[in-house]
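The values are calculated or read from the model by the stated rules, or taken from the named source; none is laboratory data. Nothing here was measured: the structure is a model prediction, and the numbers come from that model. Positions of Cβ are generated from backbone atoms using ideal geometry, with glycine treated the same way; all protein chains shown enter the neighbour counts. Each accessible area value is taken on the protein alone, full model and side chains, heavy atoms only, with ligands, DNA and RNA left out. Shrake-Rupley method; radii C 1.70, N 1.55, O 1.52, S 1.80 Å.
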Amino acid sequence: MKPVNIAIFASGAGSNARALLSHFSNDPAVRVAVVISNKAGAGVHEVAQEFDVPSVVLGDIGAYESNLIEEMLSSHQVDFIVLAGFLLKVPDSLVQLYANRIINIHPALLPKFGGKGMYGNRVHAAVKAQGETETGITIHYVNEHYDEGAVIFQASCPVAPEDSEDDIRKKVQELEHLHFPAIVSKVVKGEL
């Protein structure tokens, strides 16, 4: 049986990409076919290399808004796209082509702390500034609007008044690495 091919889109160091690549490295049913980034110097390229997965740089937004990205995904026979710290908005044409087959992870409990410009430490700073007593992760489908796609899964963790932004980031990242690969696996295998 042909494995499900996924593409990982990432803009940064690649810690979630590493968790996904590790999880699927010995899974005959799911294969990471390609890693795509909008940044040439992103650490995710080194992570992909460690797992012998091709990585591609599509550096400008024009590449995402043209059929170049669609052609690349087709050449790698990509069935699902997984956003793992990808900081560009996915073009509507790609959302439509991969309807209910693009999965994102957000470092907060949506709908709180979502939307344009809310990513990474900006989210953790907002959680801290609002005096939240809990935060977490949201794994969701991608639609045409930032962080508004249907929620697939959420997990939470407590936030203590003395927690720094970095403490919050570490707690959230632990949840990401624990849950993201397993939930992606269930979704792409049709188990969720």
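Built from the Cα atoms of region 1-49, the convex hull projects on average onto 3.1 nm², one quarter of its surface area.
Within the chain, what is the longest stretch that has no GluC sites (Glu not before Pro) placed in a DSSP loop and near at most 11 other beta-carbon atoms within 10 Å? Please list the in-between numbers first.
Details: sites that count: Glu162, Glu191.
Between exposed loop sites, the widest span is 1-161.
Here the Gaussian network model covers the chain, with springs between Cα atoms less than 10 Å apart; of Ser22, Ser156, Ser75, Ser75 fluctuates the most. When you filter the trypsin sites (Lys or Arg not before Pro) in region 88-140 for DSSP loop state and at most 12 other Cβ atoms inside 10 Å of their Cβ, you are left with Lys116. With the simple model of a label 7 Å out from the Cα in the direction of the Cβ, Ala40 to Lys116 spans 2.8 nm. The residues of the chain expose on average 48 square angstrom of accessible surface per residue, using a 1.4 Å probe on protein heavy atoms.
Taking label points 7 Å from Cα along the Cα-to-Cβ direction, Val151 and Phe51 give a separation of 2.7 nm. Return the tail of the calculated pair distribution for the chain, meaning the percent of Cα-Cα pairs more than 23 Å apart. Every Cα pair in the chain considered, those over 23 Å come to 40 percent.
Take the Cα radius of gyration of region 108-192 and divide it by 2.2 N^0.38 Å, with N its residue count; two decimals is plenty.
Working: Rg = 13.1 Å, N = 85, 2.2 N^0.38 = 11.9 Å.
That works out to 1.10 for region 108-192.
Lysine pair count for the chain with Cα-Cα distance under 27 Å and sequence separation of 8 or more or different chains is 24.
Compute a Gaussian network model of the chain, connecting alpha carbons closer than 10 Å, and tell me which residue from Ile103, Ile139, Ile69 fluctuates the most. Highest fluctuation of the listed residues: Ile69.
Round to a whole number: what % of the accessible area of the chain belongs to carbon and sulfur, probe 1.4 Å? The partial results should precede the final answer.
On the way: 4620 of 9220 Å².
Of the solvent-accessible surface of the chain, carbon and sulfur hold 50 percent.
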